[in-house]
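What follows is a set of notes on a single structure, which appears directly below.
Values in this text are rule-based calculations from the coordinates and carry no lab data. The structure presented is a predicted model; accordingly, all values stated were derived computationally and were not measured. Here the Cβ positions follow ideal geometry from the backbone for every residue, glycine too, while neighbour counts run over all protein chains shown.
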Amino acid sequence: MAATLKDLLAQRAALDEQIAQTKEREHADAIAKVKSLMSEYGLTAADLSSRPAKAGKTSKVAAKYRNQATGETWSGRGLQPKWLKAAIANGAKLEDFHV
């Protein structure tokens, strides 16, 4: 037998109530778990916000090109620096600056 619209709406209301109760219970469980961990490790709320996140390790890329006149360098990554663009525009070759 096919369910009526009224039956389906009643089922949806019952499910919505179950969802709300489950969310509340899981939220309370999560808070209890966090409090337990904080107590176990002696942490406070201030500890959670005072520790800066460690930035990912970044390594410098070795210079591939150097301006002998000024000592400026370029790794070959990203846009060419102005000093290199100007030198190339004045007739120099990229290879002239290779380290």
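For the charge dipole of the chain, defined by +1 on Lys and Arg C-beta atoms and -1 on Asp and Glu C-beta atoms about the Cα centroid, which residue among 27, 48, 80 has the Cα displaced farthest towards the positive pole?
Positive-end residue among those listed: 80.
Going by average Cβ density within 10 Å per residue, which order do the peptides 71-84, 35-48 take, highest to lowest? Intermediate values should be presented prior to the final figure.
Values: 71-84: 12.9, 35-48: 9.7.
Ranking, from highest mean packing down: 71-84, 35-48.
Given axes a ≥ b ≥ c from the Cα gyration tensor, I'd like to know whether the chain is rounded (a/c under 1.5), prolate (a/b larger than b/c) or oblate.
oblate
Once label points are set 7 Å from the Cα along Cα→Cβ at both residue 57 and residue 16, what is their separation, rounded to one decimal in nm?
Reported label-point gap for residue 57 and residue 16 is 5.3 nm.
From the phi of every residue in segment 78-95, what ³J(HN,Hα) in whole Hz does the Karplus formula 6.51 cos²θ - 1.76 cosθ + 1.60 yield, where θ is phi - 60° and glycine or proline is x?
x, 5, 5, x, 4, 4, 6, 4, 5, 5, 5, 5, 8, x, 6, 9, 4, 4
How large is ³J(HN,Hα), in whole Hz, for each residue of segment 61-75 in order, when computed from phi with the Karplus curve 6.51 cos²θ - 1.76 cosθ + 1.60 and θ = phi - 60°, using x for Gly and Pro?
8, 5, 6, 9, 10, 9, 8, 4, 6, 10, x, 5, 10, 8, 7
Show me, for segment 38-48, the HN-Hα J-couplings you get by feeding each phi into the Karplus relation (A = 6.51, B = -1.76, C = 1.60, θ = phi - 60°), rounded to Hz, glycine and proline as x.
These are the phi-based 3J(HN,Hα) values: 5, 5, 4, 9, x, 8, 10, 4, 5, 4, 5 Hz.
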